[in-house]
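Below: the structure, in structure tokens.
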Amino acid sequence: MRSFVHYIPIATSIFATWFGFVLLRRYRERGGLHHLWWSIGAFAYAAGTITESLTTLLGWHEPVFRAWYISGALFGGFPLAQGTGYLLFSRKTADRLPAIVLAVAAVASVCVRLTPIDMSLVEPSRLSGQVMEWQWVRAFSPFINLYAVTFLIGGAIYSALKFREIPGMRNRTIGNWLIAIGAILPGIGGTATRMGHVEVLYVTELLGILLIYLGFRFATSPTVEATEAGEPELATA
């Protein structure tokens with residue numbers, strides 16, 4: 001049975017898509033591969049919530065379910081984390097970072113495409129990885145998401161602590177804390193989904209992208225940029 005919560009991904013999809021274009025415009029105006037990867041990350045975020053929206057509006061469909069799992073569980077946080085990687089490391093190092101993760105994600109995606117579906121577990125308006133007969137496929141996502149935890153969440157926390165020690169960097173400190181919290185929330189929702197509470201994911205996805213956006217706005221506010229022009233929004237200079 002559908003409730004108000006099941007319609008939340010529609011709002012999340014619209015907002016994440018808009019945020020993706022904001023980041024893409026910033027990349028075109030200022031350059032920086034971190035902006036490009038963050039824009040890809042926002043669009044990937046939207047892709048996952050679009051599949052949730054379609055399920056609410058049109059009911060459960062197998063291709064939509066498989067797209068949901070691949071875009072959300074496997075690729076949801078990776079592009080955002082990769083963008084932060086370009087601020088934490090040299091470009092040469094950052095270019096090499098995603099090789100293993102992408103390889104694992106590619107294999108996992110093929111497995112998600114091939115796994116049989118237990119139709120007896122399908123719910124008309126809810127998405128859950130429990131319907132996959134090859135439950136071992138779900139073991140890929142924690143490994144892939146470790147990349148997002150390490151670089152997106154870890155990078156934001158590291159940056160918040162770093163900027164806290166620099167006079168005039170209060171906005172960037174707040175911004176990075178907001179990004180860290182926003183990145184943590186979908187992970188909490190994903191854990192709840194594994195326990196059969198996908199509605200928690202719908203709520204945390206919306207709150208997460210809103211906090212990441214607010215963090216981005218804080219970290220790139222004109223007062224901060226005027227203090228130290230050219231300083232990246234996250235992580236080390």
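The values are calculated or read from the model by the stated rules, or taken from the named source; none is laboratory data. Please read all numbers here as calculations on a predicted model, not as lab measurements. Neighbour counts run over all protein chains shown; Cβ positions are idealised from the backbone, glycine included. In case anyone asks, the SASA skips ligands and DNA or RNA and just uses the protein heavy atoms, side chains included. Shrake-Rupley method; radii C 1.70, N 1.55, O 1.52, S 1.80 Å.
A few points about this structure:
- Every residue from the range 153-165 that is in a helix (DSSP H, G or I) and open to solvent by 10 Å² or more (accessible area, probe 1.4 Å): 153, 154, 157, 158, 161, 162, 164
- Screening the candidates 177, 136 for the property of being open to solvent by 60 Å² or more (accessible area, probe 1.4 Å) and under 17 Å from residue 87 (Cβ atoms) yields one hit, 177.
- Within the range 72-120, tally of residues that are surrounded by 12 or more Cβ atoms within 10 Å (Cβ to Cβ), closer than 28 Å to residue 200 by Cβ and either β-branched (Val, Ile, Thr) or without any contact (Cβ under 8 Å) to a residue 12 or more places away in the chain (or both): 6
- Residue 194 meets the conditions (1) over 24 Å from residue 105 (Cβ atoms); (2) in contact (Cβ under 8 Å) with a residue 60 or more places away in the chain in every case but one. The failed one is (1).
- In the range 1-15, the residues that are closer than 18 Å to residue 71 by Cβ form Cβ pairs under 6 Å with partners that are charged (D, E, K, R), at six or more places apart or across chains, as follows: 9/52; 12/205.
- Only listed residue being within 17 Å of the chain's Cα centre (by Cα) and either open to solvent by less than 40 Å² (accessible area, probe 1.4 Å) or over 28 Å from residue 15 (Cα atoms) (or both), chosen from 196, 182, 168: 182
- Extreme residue, farthest from residue 190 (Cα to Cα), among residues of the range 23-63 that are β-branched (Val, Ile, Thr) and free of Cβ contacts under 8 Å to residues at least 60 places away in the same chain: 40
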